[in-house]
Each structure stands twice: as structure tokens, then as C-alpha cells.
Amino acid sequence: QFLSDTVLGLNGPIDILLAAKAADTNDLKGSFVNLKPTFHALEHYFGPYQWPRVGYAATTVGAMEHATSISYPLNLINGNLSGEDIMAHELAHHWFGNLITCETAEDMWINEGMAEFSSHLYSEQVYNRAKYLEIVRDNAWNVLLYAASRDGDLHRPLYGMPHEYVYGYHTYQKGAMVGHNMRHYLGDSLFFNSIKQLFIDHAYGNLNSADFRDEMIRISGNADLQDFWQDWVYQPGYPQFSVEDWSYADLLQRVNITLKQRTYAAPDFFENVPVDVTF
């Protein structure tokens with residue numbers, strides 16, 4: 001049975017078509033109640049949806065981002081929102097994965113990591129900033145705890161992933177972490193405007209990791225992304241920053257602080273990292 005609707009996109013009305021067995025349609029409505037807000041959130045961040053339809057079709061197992069007809073697992077069509085992040089992830093593939101596709105399997109983080117980042121990002125628009133940050137922090141903690149053990153007991157760089165781990169924890173969860181970090185490196189305005197321009201310039205094409213870096217540098221004008229890519233994409237591991245010492249000069253109303261960087265499973269220190277210190 002089909003459920004039909006429309007959503008007003010940035011380029012005009014877009015058809016919505018959801019397909020499931022008749023017995024599952026009530027649950028389908030409940031689980032997809034935030035489909036339109038999620039669609040609007042992704043257009044807000046990444047630019048116009050470029051496909052003639054938003055479509056989901058129930059499957060017995062697995063999810064796959066077929067353009068206009070996403071395969072969506074039946075166990076997530078349950079009347080609640082427990083699988084909403086998967087709904088958002090698969091829809092986000094209509095930008096990362098379908099509109100721009102990774103050139104090789106070794107670049108898979110561009111497809112899957114950035115779509116997973118999007119499945120965190122949508123919550124900022126659909127819910128609130130606090131919800132988004134909670135998801136981001138939980139994801140970062142889980143990456144530090146589990147990424148190595150789940151991908152062959154090694155901390156791995158995002159680029160050049162061995163094929164047996166291409167669809168592993170680093171690609172998805174660390175890839176999402178890197179998407180969030182890139183947002184912070186550039187700031188919202190420059191990051192999202194650069195991503196939108198990237199989709200315009202490379203629509204229906206593919207990118208490898210070096211292309212992605214070079215185009216983001218070209219569009220944003222921020223050459224520090226060279227270091228960002230080296231640190232976050234081409235080498236394994238993570239940085240940690242802490243305030244090692246501080247002093248306050250009362251008469252001058254001046255604070256002097258000493259920051260220290262430590263690394264975890266990384267061969268080199270991370271360079272040109274923006275760090276916020278809150279008083």
C-alpha cells in the first residue's frame with residue numbers, strides 16, 4: 001500500500017511516496033511523522049533536493065539509499081521514532097552519496113560518514129541545539145571507546161580503509177565526528193555555504209578525499225583545511241586539549257592560560273586547531 005503526500009522544497013513541490021504492506025501503514029505514519037521537518041532541515045543545510053520524489057519502501061532487512069526509493073527496514077516501521085536517525089541518514093544520502101558520490105571504496109567516509117553526520121545534524125533543526133550536541137558528544141565518546149576494537153583492533157585513518165572495514169565504525173561514526181569538527185573549524189556560515197557550493201559545482205559527479213579537501217579549501221578560502229585533512233582524514237587517532245595552568249591579574253583584569261595538547265593513537269600533533277575556552 002502506498003501513502004502519498006507532497007512537501008514544498010526550495011525548488012517547488014516534491015512528491016512523497018511511502019510503500020509498505022497495508023497492515024503496517026499506521027506504524028509507517030507514526031515512524032515518519034518528522035519526515036517533512038527532516039527534509040526541510042537537510043535542504044536548509046545543504047541546498048535544494050535535486051530529485052523528483054522522496055520515496056521509502058519497506059524491506060525485510062537492511063537500508064539502502066536508492067534515489068527516490070529508499071529501502072527501509074521493517075523493524076524500524078514500528079509506530080515510534082526509534083529509527084528516525086536512520087530515516088534521516090538515508091535521506092541525507094540524496095546529497096552525500098547520490099548527488100556527489102565517493103570516487104573509490106577507500107573514500108567511503110564521504111558517503112557514509114557525512115550522511116551519518118547529517119543524521120545527527122537534522123536534530124538541531126527538528127528538535128534543538130542541545131539535542132544535537134548531546135548526540136555529537138555521545139558519538140565522540142563511542143568512537144573513542146569502540147572504533148578500534150570493532151575495526152580489527154586498530155585505530156585507522158578514514159581514507160584508505162581496508163575493504164573489510166569500509167562499512168565499519170570508523171567510516172560511519174568517526175566520519176560523523178569529522179563532519180562535526182569541520183563545521184567547527186570553519187564556523188557555520190562558511191562551512192554550510194561551502195558545502196552548498198560543493199554540491200552545485202560537482203552535482204552528479206564523484207570526489208575522492210583529496211578532491212574534497214582541495215574543493216573545500218578553494219571554496220572556503222581556508223588553507224588550514226590542509227592540516228585538518230592530514231590530521232583527521234589521513235592519519236589515525238585524536239587530539240585532546242586541556243588548560244594546564246592559568247593565572248588572573250586582578251588589577252589588569254587579565255587571564256593568562258596555558259593550553260596543552262595530548263594525542264591518543266595519533267602519530268603527530270594536530271595543527272591549526274581552533275579551541276574554544278569558556279570562562
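Per the Kirkwood formula applied to alpha carbons, region 107-197 shows a radius of gyration over Rh ratio, Rg over Rh, of 0.99.
Charge tally for ASN75 (other residues, Cβ to Cβ under 15 Å; Lys, Arg +1; Asp, Glu -1): -4. For region 61-128, the C-alpha radius of gyration sits at 1.13 times the compact-globule guess of 2.2 N^0.38 Å, with N the residue count.
The accessible area of PHE269, taken with all protein chains in place and a 1.4 Å probe, comes to roughly 120 Å². Residue-normalised convex hull volume from the C-alpha trace of region 85-243: 115 Å³ per residue.
In region 1-138, a dipole from Cβ-located charges (positive for Lys and Arg, negative for Asp and Glu) runs towards its positive end, and of GLY113, GLN1, SER123 it is GLN1 whose Cα lies farthest in that direction.
Among beta bridges from DSSP that stay inside the chain, the antiparallel ones total about 60%. Using the Karplus relation 6.51 cos²θ - 1.76 cosθ + 1.60 with θ = phi - 60°, the per-residue 3J(HN,Hα) values for region 88-105 come to 5, 4, 5, 5, 5, 5, 6, 9, 8, x, 9, 6, 10, 10, 5, 6, 9, 4 Hz, with x marking Gly and Pro. Near ARG53, once Lys and Arg are set to +1 and Asp and Glu to -1 for all other residues with Cβ below 13 Å from its Cβ, the sum equals -2. Based on the reciprocal of the average 1/r between different C-alpha atoms, the Kirkwood radius for region 11-56 equals 11.8 Å.
When nucleic acids and ligands are ignored and a 1.4 Å probe is applied, MET64 ends up with an accessible area of around 90 Å².
Between the amide H of VAL54 and those of ASP15, ILE16, LEU17, distances stay under 5 Å, these residues lying 5 or more places away or on another chain, with hydrogens modeled in the peptide plane.
Compactness of region 1-147 was expressed as the Cα radius of gyration divided by 2.2 N^0.38 Å, which yields 1.03.
The values are calculated or read from the model by the stated rules, or taken from the named source; none is laboratory data. It should be emphasised that the depicted structure is a prediction, and the values quoted were computed from it without experimental measurement. Cβ atoms come from the backbone with ideal geometry, glycine included; neighbour counts cover every protein chain shown. These area figures cover heavy atoms from the full protein model, side chains too; ligands, DNA and RNA do not enter into them. Shrake-Rupley method; radii C 1.70, N 1.55, O 1.52, S 1.80 Å.
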